[in-house]
Amino acid sequence: MPTVMSHAVAALALGPAFRRAGWRTRVWWAGALCAVLPDADVVGFYAGVPLGSVLGHRGLTHSLAFAAVLAAVLAPLLLPRGSSRAWLWLHLFLATASHGVLDAMTNGGIGVAFFAPFDAGRYYLPWRPIVVSPLGVRAFLSSWGVAVLASEALWVWLASALFASIAWWLTRAYAASKA
Ligand SMILES: [Zn+2]
């Protein structure tokens, strides 16, 4: 997995493309939380869930179905009825789904069950430039950890900053053309 911070950064980068008048800060916090939540499945390691099962790591919580349901549960809690909930749903869905996509771009670990619970297959993206993060803190405090941070700085943080800048610029240009 990319580290927790990098998943949150990717979700926050969606902000400039999705923001709407009246959206409060808690919407962005919720998006960041959605992007981090799928890794709650690591408790399965300690609970004896077999790796590769649908409830194992990178299983159901990393699926598109989980992203859709989580977004549907959270959207009504964050915005009142009649406001742009469908747009917020899309934002939260993409924030959650971005987690699996980034995991599928790492060079190690098990594949991502994007289509669980309908398909147990595990998938990677054809392009996997992100160095997989070790699960233990001790392993992270080594040259492996440095390699992880360097690859995430480039492929997650820099890419996110670029995406957010372009989205911000485009939405401003669009608003200016309407004014
Ligand atoms: Zn993950």
R172 accessible area, nearest 10 Å², 1.4 Å probe? 140
Connecting C-alpha atoms closer than 10 Å in a GNM of the chain, tell me which of W28, W144, W155 has the biggest fluctuation. W144
37 °C / 0.692 mPa s Stokes-Einstein diffusion coefficient of segment 1-73, Kirkwood radius on C-alpha pairs, µm²/s: 245
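Using the heavy atoms of the protein chains alone and a 1.4 angstrom probe, what is the accessible area of the chain per residue in square angstrom? Spell out each step's value before the answer.
Numbers: 9780 Å² over 179 residues.
In whole numbers, the chain has 55 Å² accessible per residue.
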Once phi is turned into ³J(HN,Hα) by the Karplus curve 6.51 cos²θ - 1.76 cosθ + 1.60 with θ = phi - 60°, what whole-Hz value does each residue of segment 14-24 show in order, with x for glycine and proline? 6, x, x, 7, 10, 4, 9, 4, x, 6, 8
Please list the non-local residues whose amide H lies under 5 Å from the amide H of Y123, H modeled 1.01 Å from N, same-chain partners needing a gap of 5 or more. V112, A113, F114
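Would you calculate a helix-derived [θ] at 222 nm for the chain, using -39,500 (n - 2.57) for each DSSP H run of n ≥ 4 and dividing by the full residue count, to the nearest 500?
Mean residue ellipticity, 222 nm, calculated: -16500 deg cm²/dmol.
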What nm value, rounded to one decimal, do you get for the distance between M5 and A153 when each label is placed 7 Å out toward the C-beta? 1.1
Using a 1.4 Å probe over the heavy atoms of the protein chains, calculate the carbon and sulfur portion of the accessible area of segment 17-153 as a whole percent. 72
Starting from the Cα of A17, move 7 Å in the Cα-to-Cβ direction to define the label point; list residues of segment 48-87 whose amide nitrogen is under 12 Å from there. none
Give me Rg/Rg_expected for the chain, where Rg uses Cα atoms only and Rg_expected = 2.2 N^0.38 Å with N residues. 1.08
Between 0 and 90°, nearest 10: helix 143-152 axis offset from the chain longest Cα axis: 30
Leaving ligands, DNA and RNA out of it, rank F114, F140, F163 by accessible area with a 1.4 Å probe, largest first. F163, F140, F114
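The values are calculated or read from the model by the stated rules, or taken from the named source; none is laboratory data. Everything numeric in this text was worked out from a predicted model, so none of it was measured. Don't worry about glycine lacking a Cβ; one is built from the backbone with ideal geometry, like all the others, and counts go over all protein chains shown. Quick note on the areas: whole protein, heavy atoms, side chains included, nothing else; ligands and nucleic acids left out. Shrake-Rupley method; radii C 1.70, N 1.55, O 1.52, S 1.80 Å.
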